[in-house]
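Worksheet for the structure shown next.
A short reminder: the numbers here are calculations on the coordinates, not readings from a lab. Quantities reported herein were computed from a predicted structural model and do not represent experimental measurements.
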Amino acid sequence: MKVKRGFKIVTAKKDQGLTLPQRQTAQAAGYDFAASEDFTLPSIWKGNFLKALWTLHQQKQLGDADFQAADKCLKPYLVPTGIKAYMGKDEFLLLANRSSGPLKRRLILPNGIGIVDADYYDNESNEGEIFFQLINFGLKDYHIKKGERIGQGIFLPYLLADEETAPQAQRTGGFGSTQK
């Protein structure tokens with residue numbers, strides 16, 4: 001019987017002592033992913049963002065440069081896992097917050113979820129390494145330790161619309177490669 005879905009460690013991180021994602025209980029749907037290295041997530045409540053909020057609070061105008069500087073503080077960071085996932089062509093891996101992420105650590109996926117398509121596996125750009133896109137809304141920078149669980153992944157099937165014109169494009173890159 002052929003294995004249909006699972007996880008592997010990317011080649012570049014084979015000898016770094018990483019563990020594959022695991023479910024923590026018998027009835028858990030999600031596989032917990034861990035960071036593949038120490039990583040610091042800066043707090044969004046710093047510098048230019050706080051300055052912009054203060055200016056707006058005082059009912060003053062912000063210029064475009066002020067908005068852009070403040071906006072840079074809100075950008076998410078890509079936390080590496082060193083893991084890639086393989087699955088059937090009619091499946092995807094849904095990435096989600098762990099329940100303790102926002103509650104205990106103030107870390108969230110800014111888009112709510114992430115989607116890892118089946119054709120992301122072994123792509124040329126990054127071998128299909130999965131990254132968790134995170135924002136730290138806590139007041140202090142958060143230091144993620146290598147091996148700390150940062151999110152969870154759930155394998156799911158998907159359906160296609162009737163009479164769809166099937167896309168002809170092939171994946172040519174890694175994370176966010178289909179953005180226009």
Inset, instruction - Determine the relative contact order of the chain: mean sequence separation of Cα pairs under 8 Å and six or more apart, normalised by residue count, in whole percent. - result: 31 percent
Inset, instruction - Sort out for me the Cα centre separation of segment 5-29 from segment 73-116, rounded to whole Å. - result: 14 Å
Legend entry - Length gained when the stretch D66-T40 is fully extended (0.36 nm per residue, less Cα-Cα span): 6.9 nm
Inset, instruction - Kindly express, to the nearest 10 degrees and within the range 0 to 90, the angle between helix 47-57's C-alpha long axis and the longest C-alpha principal axis of the chain. - result: 60 degrees
Inset, instruction - Quickly estimate the mean residue ellipticity at 222 nm for the chain, helices only: each DSSP H run with n ≥ 4 gives -39500 (n - 2.57), and the total goes over all residues, rounded to 500. - result: -3500 deg cm²/dmol
Inset, instruction - Anything over 28 Å Cα to Cα? Flag those among K14/K145; K14/K75; K8/K72; K8/K140; K72/K140, in the order listed. - result: K14/K75; K8/K72; K8/K140
